[in-house]
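I'd like to ask you about the structure that follows.
The values are calculated or read from the model by the stated rules, or taken from the named source; none is laboratory data. A quick note: this is a predicted structure, and the numbers were derived from the prediction, not measured. Note that each Cβ is placed from the backbone with ideal geometry, even for glycine, and that neighbours are counted across all protein chains shown. Please note that ligands, DNA and RNA were not included when accessible areas were found on the heavy atoms of the full protein model with its side chains. Shrake-Rupley method; radii C 1.70, N 1.55, O 1.52, S 1.80 Å.
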Amino acid sequence: MTSSEIRKKFLEFFRERGHAVVPSSSLLPDDPSVLLTTAGMQQFKKYYTGEVDAMKDFGSLSTTSCQKSFRTSDIDEVGDESHLTFFEMLGNFSFGGYFKKESIAWAHEFITKVMGLPISYVTIYEGSDTVPKDEESRAMWQGLGITDIREEGMEDLFWGPTGHEGPCGPTTEIYCRNANGQDIEVWNIVFNQFFCSGSREDLTSGAATLIPLETPGIDTGMGLERLAMIVQGKHTIHETDLFSDSIAMLSDTMDHRSKRIVADHARALCFLIADGVRPSNKERGYILRRLMRRIIVIEHTAGEQRINLVRDLIPVIIGKYHAPYPELHIDTIFDEWDKEKQKFLKTVKNGLKELQKCATIDASTAFKLYESYGLPYEIIKEMGVERASALSRAGFELEFQKHQEISRAGVLKKFGGHGLLLDTGELKATNEDELKIVTRLHTATHLLQQALREVLGPEVAQAGSDITVERTRFDFSFHRKLTDDERKAVENRVNEIIKKDLPMQFVELPIEDAKNTGALYYFKEKYPEKVNVYFAGSSLDSAFSKEFCGGPHVTHTGEIGHFAIAKEEACSAGVRRIRAVVG
Ligand code: SER
């Protein structure tokens, strides 16, 4: 059975059982507290809490999807037999419709009858102080003839929430045997019974509470790659039809690990670019850059004749996926790939030469290579091999942190009156009067970003910002020119917030709490243990905009005066540039 047949059979199975088939949402989630979509349930969060009505939107209380997903947590593991960054997740969802009985019976039927796979064993939640042992699921599995039922706790069998709060609950999982004789988890069925008032970390630490949802829901997730591996009787996901063409194309002289990394990262970058991510030094852009740079190095070291490895691979990947995912445009993907490769190749050549000269590579050497040549940690570790055996990510990050502290101190010194009065990299001012103007422009830039996200959607993410006394220049990811109406709407929204004269305030919060506020922040920036979250509004919860920021800002939005967009234009593929002024 091909993977595209599995995809179809899954959606068809649940459509026949009253589910609305919903297309995958973007890899860029609606929820600003989550960097990328990691699960099928994310686009449905609001249906579980009853904020929106599934019946109205889908004509049903249940849906099914095959969701594009991306998990960064295992990025360093990619290259082994089972880890991936991008993957597809099959799922069925119920928002107050059916519950345990049907979801378990259907999962059992799909696995054993439609896929024809025996179930090795299942797991059920063992119970805790707040959530009882899941005897109901046990009885249902027993009723279906399953005898090996194992109990596990909170860590493995309690799912969610994603982001800073949300639906969550105990789960039951199905394990099947692969060609190597190992039992692996294929399907996770979540009983969304609670709303968690905080993040997963808060839940574990006891800082968050579980509030029973009015109507319990179902959220299931099954990785397509894993299922295909078992159905197709393969030893690894890379032998399935989802990867076999890509792997076959890669050089015979290349080791398994490198081939798997290239196959995973090339596929992932196609999907990230198609959803509007562009390589940069922060957040999603940094994730993309890291994937691209890692395989540029592999390509480069594979030898001259393999120098177009990835470029040759991209059409193969798109060929495999363009039917279910027509957003994969080859020109855009080629364009971004070529630009990033050109930019990085120069750096890599010099950096690798330098790396080869080092006898041993410890954290401080690694940091110097990073600082002078832009070689990322992964590449130093990868190319350093034995000479870098003592190098750890933790050690490298410590060096990074030390450096950040030194450069922060450097910025403050400039306030002392030498040269620029203010130079944060983003803001520049030479005297007090200029400082006042750039401060107004700076707050306006925060409002602009939020207004753009409201009008154009969450695809908008900051790609760059530069503020001088004349104007603010804001770059953001978005795939087309703004219409006149959109441009006007953004301008009006910013001016509306200015008129409201909202207080611009900040709170200093421990980093994790700050992230949980939903404030925008730079993914890769090394923040100190406590950060300032600047927000426009009377409280953090009701704020119009929230960002991690070092200031300076006005004290009330009214001080900005009138805001106007002077120009909106393309900056690079998928990135727009706005110049705006205040008067
Ligand atoms: N949300 C759950 C998961 O990601 C089930 O879909 O595993």
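Run the simple label-point estimate for A248 and S4 please: 7 Å along Cα→C-beta, distance reported in nm.
Result: 1.5 nm between the two label points.
Give the cross-link partners of K349 among the lysines, using a straight C-alpha distance below 29 Å as the criterion and excluding same-chain residues fewer than 8 apart.
Excluding near neighbours in sequence, the set is K259, K282, K339, K341, K357, K368, K381, K402, K524, K526.
From the phi angles alone, apply the Karplus equation (6.51, -1.76, 1.60; θ = phi - 60°) to the range 577-582 and give each ³J(HN,Hα) in whole Hz, x where the residue is Gly or Pro.
10, 10, 10, 9, 10, 10
Also: Would you calculate, for the chain, the mean residue ellipticity at 222 nm contributed by helices, counting each DSSP H stretch of 4 or more residues as -39,500 (n - 2.57) and dividing by all residues, to the nearest 500?
Values: 19 runs with 232 residues, N = 583.
That comes out to -12500 deg cm²/dmol.
Probe radius 1.4 Å, ligands and nucleic acids left out: which of K46, K320 has the largest accessible area, and how do the rest follow?
Values: K46 105, K320 75 Å².
Descending order: K46, K320.
Probe radius 1.4 Å, ligands and nucleic acids ignored: give me the carbon and sulfur share of the accessible area of the chain as a rounded percent.
C and S atoms contribute 50 percent here.
Work out the FRET efficiency for E109 and D129 from their Cβ-Cβ distance, taking R0 = 35 Å, and round it to the nearest 0.05.
Given R0 = 35 Å and the Cβ-Cβ separation, E is 0.50.
According to a simple spin-label model (label point 7 Å from Cα along Cα-to-Cβ), what is the distance in nm between S205 and T147?
Taking the simple label geometry, T147 and S205 are separated by 4.7 nm.
Spelling out what I want: for every residue of the range 373-380, take phi, set θ = phi - 60°, compute 6.51 cos²θ - 1.76 cosθ + 1.60 (Karplus), and round to whole Hz; glycine and proline get x.
10, x, 6, x, 3, 4, 6, 4
With the cut-off at 1.5 for a/c, could you classify the range 150-269 from its C-alpha gyration tensor as rounded, prolate or oblate?
In terms of gyration-tensor shape, prolate.
From the phi angles alone, apply the Karplus equation (6.51, -1.76, 1.60; θ = phi - 60°) to the range 320-333 and give each ³J(HN,Hα) in whole Hz, x where the residue is Gly or Pro.
Once rounded to whole Hz, the list reads 6, 10, 5, 5, x, 10, x, 6, 6, 9, 4, 5, 4, 5.
Let me ask something else about it. For the pair K402 and H556, how long in nm is the line joining their label points, each one 7 Å along Cα→Cβ?
Output for this residue pair reads 4.8 nm.
Kindly report the accessible area of the range 1-68 per residue (heavy atoms of protein chains, probe 1.4 Å, no ligands, DNA or RNA), in Å².
43
Here is a further query. Scan around V186 for amide H atoms under 5 Å from its own, H built in the peptide plane at 1.01 Å from N, and keep only partners 5 or more places away or cross-chain.
Close amide H contacts, sequence-distant or interchain: I174, Y175, C176.
Quick one: which residues, 5+ away or cross-chain, put their amide H under 5 Å from the amide H of Q67? H built at 1.01 Å from N.
Amide H neighbours of Q67, under 5 Å, 5+ apart: M89, L90, G91.
Sequence-distant or interchain residues sharing an amide H contact under 5 Å with D275, placed H: which?
Here the answer is none, since no amide H 5 or more places off falls under 5 Å of that of D275.
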